[in-house]
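Below you'll find the structure, written out as structure tokens, and then a few comments.
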Amino acid sequence: MKKLLFVLLVAVLFSSFSILPAQAAEEFTLTIKNHRFEPETLEVPAGQKLKILVQNQDATPEEFESHALNREKIIGANSSAVILIGPLEAGTYPFVGEFNEDSAKGQIIAR
């Protein structure tokens, strides 16, 4: 009987606390090459935190800018940066490379 009470007490204590780790952000990669984003359209799951690794392969810096995502980040030449976003509602979120807006355009589609 004491063992059963002990097991029940332990079960109640553990159910009172979250012992699971926080949900990690799903990771995606965007590449800047020849002043363009690859891929131009990035499809991501809605309702989840996202980690976007932006790799700039150009010899000049670029700025990832999205008013829809409320994000702005300069990525140095031949370097990379991480942009955290979300969770996003389903929809389309445009972004540009502010230093080359004519060619560096893209969108994130959350489904």
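The values are calculated or read from the model by the stated rules, or taken from the named source; none is laboratory data. Predicted model, so just to flag it, every value in this text is computed and none were measured. We place every Cβ from the backbone using ideal geometry, glycine too, and count neighbours over all the protein chains shown.
For the range 20-44, residues that are over 18 Å from V82 (Cα atoms) and either in a strand (DSSP E or B) or not hydrophobic (A, V, I, L, M, F, W, C) (or both) total 3. Within the range 60-78, restricting attention to residues that are surrounded by 13 or more Cβ atoms within 10 Å (Cβ to Cβ) and closer than 11 Å to I32 by Cβ, the residue that is farthest from the chain's Cα centre (by Cα) is P61.
Of the residues making up the range 95-111, those that are in contact with a Lys or Arg (Cβ under 9 Å, 6 or more places away or on another chain) and either among the charged types (D, E, K, R) or exposed (fewer than 14 other Cβ atoms within 10 Å of the Cβ) (or both) are S103, K105. Q55 meets the stated requirement of being at pLDDT 95 or above and in a strand (DSSP E or B). Regarding the range 87-109, can at least one residue be identified that is assigned to a loop (DSSP other than H, G, I, E, B), touching a Phe, Trp or Tyr at 6+ places or on another chain (Cβ under 8 Å) and within 18 Å of T31 (Cβ to Cβ)? Taking every residue of the range 87-109 in turn, at least one turns out to be assigned to a loop (DSSP other than H, G, I, E, B), touching a Phe, Trp or Tyr at 6+ places or on another chain (Cβ under 8 Å) and within 18 Å of T31 (Cβ to Cβ). Need pairs with beta-carbon distance below 9 Å; first residue without any contact (Cβ under 8 Å) to a residue 60 or more places away in the chain and within the range 96-111, second small (G, A, S) and part of a loop (DSSP other than H, G, I, E, B); sequence gap 6+ or separate chains. Short answer, once both residue conditions are applied: V96/A104; E98/A104. With respect to being more than 22 Å from E26 (Cβ to Cβ) and surrounded by 13 or more Cβ atoms within 10 Å (Cβ to Cβ), Q57 fits the description. Any chance the range 28-48 includes a residue that's among the small types (G, A, S) and modelled with pLDDT under 95? No, because not a single residue in the range 28-48 is among the small types (G, A, S) and modelled with pLDDT under 95.
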